[in-house]
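Read through the structure below, which is laid out as structure tokens, and then see the notes.
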Amino acid sequence: MTPARRSAPSAPVAWASGVQSVPLRRATAGALRELSARFRWGFSEPELARLQRYFRVEGRDPTDVELAGLAQSWSEHCSYKSSRPFLRAFARLRPDRRVLGTGDAGVMAFAPGYAYALRIESHNHPSAVEPYGGAATGIGGILRDVLAVGAKPIALTDPLFFGPLDLDTTPQGVKHPRYLMAGVVSGIRDYGNRVGVPTIAGGVFFDPAFTVNPLVNVGCVGFLPRRRLVPNRARAAGDRLVLVGGLTGRDGLGGVAFASKELTERSEDESRGAVQLGNPIMKEPLIHACLEAYDKGLVAGVKDLGGGGLASASGELVHAGGFGSRIDLDRVPLRETGLRPWEIWISESQERMLLDVPPQHVPAVLAIFARYDVPAQAVGEVTADGRERLFYKGTPAAELNVGFRVAPPPLRRRTLARRAPKSRLPPHVPEEGIPALFERLVLARECVSREPVLRVYDHEVQGETVVKPLHGHTVSPSHGDAAVLRPHPGLWKGLAVTVAARPSYGAIDPRAAGVEVVEEAARNLYAVGAHPDALTNCLNFGNPEDARVMGDFRSAVDGLAAAAQALRFAVPSGNVSLYNGGLGAGIPPTPVVMATGLVDDVRRCLTSDLKTIDDPLFLVGPSFPALGGSVYARTCGVRGGALPPQDPAGVKKAGDRLLTATSRGGVRASHDISEGGLAVTLAEMAFGGALGFDVDLQTTGLPGPDLALAAEGGSRWVVEVAPQHRHSFLRTMRGIPVAELGVVTAESTRLRWGPKILADEPMGSLYGRWREGVGIP
């Protein structure tokens, strides 16, 4: 509860040197707009009016320090003011005992005495302006989110979205996708590798809609003993606020305000200073020092300094506990001289955490950080009255009700729901011959190997990656469905991690996109032998001032929540990124999930590569004659096709049976059918095993071999089973649609329609072209 506002002061406040009073109380509406534009606060007219009313009651004008902090906290990026009303769909999910915490990162039960944390977020706008720094600091920020709940970061993920790499030109002020991709991948590589956290899952997606505004989403998983779980709230009045980590500079000023508006042709010049500077060499000892302080019980609460800097972190930390704060801005360790008080307050300089430390523990905390050569300084304390008081060199710089600043009311955005298209035309694949169609799908830009990107990331560091992001032989690696970690050396229990996104579905039906990403994440987890457990979502959408965008947002959230409930996924954390787009171009609704699953015994995990000649291959799950949102439809320019029907409850039923069959032995390989349909699934399995297959496409039940190869619909897997376990497998899968496709062969790709051979080609030359893949420009 926000404390009652104090009465107006009887005398003007003598503000600190370097602090300016801003004439707000008596300003006209036009003057208010001019002030907001000049200082780039980003306030709307109703918000300016609310500020004016507040300070009239306070009996004074605000300071530039107060307005700078308010601008950060009231930004879309920090407040979720447009999305909060719609996110209640997740709150309606049934309570889940597996969820141990929902702070800066979600925390889930793993094993007796142990837990894991997960979170995904976006760094889209910074990466569009400065791709290397934007992506690198995105990794730095997601590591801090996990560290802020007491977890040691153990894995990273990176779903990335760019415009086509072969574009001839880009709009004025827009960087070429090749330049953006090179910078983003390098930033993720350099930060993740240097800080010593493996990057184990992700994706690279291409679409013209991401030319102006690329999407750079990054996720992190952490591991912790349950006793180390730290809250993101202050504990008690009198506790000290200790700032630890990197020094404070001018980088990242106004970063959240920049991320809360669309890109323009002037963003490069106007907002480059809003991009932070990462320092992974500081982050690594910061992690160790924080974990040691947590383990010794010296820290009562913690918040990471991300968007909005010290202003957001301190306000959210004390407000969550029902407290206020007193902070001395001149005690903040600086990287450069001459910073003004408001710059110190909202700087987003990286590698910083704010700790709530009981006074008697401050010396011990400072000693720990000194031993790791990490700066640490007590900069303030928790107070009881709900007021936020800032001082600079002993003189006041700001004083507000902290609840007024950090908890603005949600906005009631208009929504306009789109009608999902219902194609009346039967799906049609133009005749081009089955060998040509197979090659077209396998070599599509959406399907070729991501190995050139994956190889620059260290996915082995920390030594916990049991199932790698690339499956198969060392000399013939291929795509898998999920990576699997063994987080604790004393346990055989594993944690599977995967990523899913379908912007092509979002462009057609946002609700279906929300359902599909959850279904695909579940299929990926089932494919490696994991029970789906939790997911964290990053919701990438356009301008929330457009009713159509918020209609799409509501639909996607409803789809995500419904599918998560059907598949028993907990949703302990998430992120919203709005205002993606600009220069008249918007992105398709793009919900992205990072999902985790529990593996009973990592020694029994499955991989996607084919294992043994003459093993039977089974198609598990129903097939549908639909091409909407498919790779084939996009590569051929086919628009308006119907999306395949979705059935998350059916995915759970089939997936649970597949886990049972796997536990009984005999299942040797499994791969879900996703982008590129059956053609790409079979090719990737064969590539990884350096083997081939003989498959009868008629067994899919679809009306023709071309549709059997290209259709992506249905909740399906291809499963390799040892011959002696064929009957046991079929008994276990009784009640689930299962068809015997064919067998594993030595090296050729033989595709049949009944007895008729449609294609019989060696895999070697096709694999070489596929493996060249998406190279780093």
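The values are calculated or read from the model by the stated rules, or taken from the named source; none is laboratory data. Here the structure is a predicted model, which is why all the values come from computation and not from measurement. A quick note on method: Cβ atoms are made from the backbone with ideal geometry, for glycine too, and the neighbour counts reach across all protein chains shown. SASA here: full protein model, heavy atoms, side chains in, ligands and nucleic acids out. Shrake-Rupley method; radii C 1.70, N 1.55, O 1.52, S 1.80 Å.
Okay, residues lined up against (1) open to solvent by 10 Å² or more (accessible area, probe 1.4 Å); (2) modelled with pLDDT under 95:
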residue	(1), (2)
Tyr579	yes, yes
Gly582	no, yes
Pro588	yes, no
Thr612	yes, no
Leu619	no, no
Pro622	yes, no
Pro625	yes, yes
query = Inside segment 350-372, can you point out the residues that are open to solvent by 40 Å² or more (accessible area, probe 1.4 Å) and either more than 34 Å from the chain's Cα centre (by Cα) or without any contact (Cβ under 8 Å) to a residue 60 or more places away in the chain (or both)?
reply = Pro359, Gln360, His361, Pro363, Ala364, Ala367, Ala370
Enumeration of residues in segment 31-56 that are within 33 Å of the chain's Cα centre (by Cα), assigned to a helix (DSSP H, G or I) and of a type in the set (S, T, N, Q) = Ser36
request  = Determine, yes or no, whether Glu351 is of a type in the set (Asp, Glu) and at negative phi.
outcome  = no
ask   = Would you say Arg523 is part of a helix (DSSP H, G or I) and either of a type in the set (Gly, Ala, Ser) or open to solvent by 10 Å² or more (accessible area, probe 1.4 Å) (or both)?
value = no
ask   = Do we find that Asp330 is assigned to a helix (DSSP H, G or I) and either among the charged types (D, E, K, R) or farther than 24 Å from Pro231 by Cβ (or both) in this structure?
value = yes
ask   = In segment 1-30, what residues are modelled with pLDDT of 90 or more and not in a loop (DSSP other than H, G, I, E, B)?
value = Ser21
Condition broken by Asn232, with the remaining ones in (1) of a type outside the set (D, E, K, R); (2) farther than 30 Å from Thr383 by Cα; (3) surrounded by fewer than 24 Cβ atoms within 10 Å (Cβ to Cβ) satisfied = (2)
ask   = Any idea how many residues of segment 754-763 are surrounded by 13 or more Cβ atoms within 10 Å (Cβ to Cβ) and in contact with an Asp or Glu (Cβ under 7 Å, 6 or more places away or on another chain)?
value = 1
inquiry  = Every residue in segment 95-113 that is farther than 16 Å from His531 by Cβ, of a type outside the set (A, V, I, L, M) and either open to solvent by 30 Å² or more (accessible area, probe 1.4 Å) or within 16 Å of the chain's Cα centre (by Cα) (or both), please.
reply    = Pro95, Thr102, Gly103, Asp104, Gly106, Pro112, Gly113
request  = Please specify each residue of segment 538-557 satisfying the condition of being touching a helix residue (DSSP H, G or I) at 6+ places or on another chain (Cβ under 6 Å) and not aromatic (Phe, Trp, Tyr).
outcome  = Gly542, Asn543, Pro544, Asp552, Arg554, Ser555, Ala556, Val557
query = Limited to segment 488-511, what total is found for residues that are open to solvent by 10 Å² or more (accessible area, probe 1.4 Å) and either at pLDDT below 95 or not in a strand (DSSP E or B) (or both)?
reply = 12
query = For segment 39-94, how many residues meet the condition of being aromatic (Phe, Trp, Tyr), open to solvent by less than 40 Å² (accessible area, probe 1.4 Å) and touching a residue at least 60 places away in the same chain (Cβ under 8 Å)?
reply = 5
message = Among the residues in segment 435-452, are any of a type in the set (S, T, N, Q) and under 21 Å from the mean Cα position of the chain (by Cα)?
response = no
ask   = Within segment 685-727, how many residues turn out to be surrounded by 24 or more Cβ atoms within 10 Å (Cβ to Cβ) and without any contact (Cβ under 8 Å) to a residue 24 or more places away in the chain?
value = 0
key: Filtered residue count, segment 431-467, keeping only those that are open to solvent by 60 Å² or more (accessible area, probe 1.4 Å) and within 29 Å of Ser630 (Cα to Cα)   = 6
request  = Search segment 373-416 for residues being open to solvent by 10 Å² or more (accessible area, probe 1.4 Å) and of a type in the set (S, T, N, Q), and hand back the single one that is nearest to Gln20 (Cα to Cα).
outcome  = Thr395
key: Filter result for the condition that a residue is open to solvent by less than 10 Å² (accessible area, probe 1.4 Å) and either basic (Lys, Arg) or over 22 Å from Ala483 (Cα atoms) (or both), over Val557, Val528, Val549, Val518   = Val557
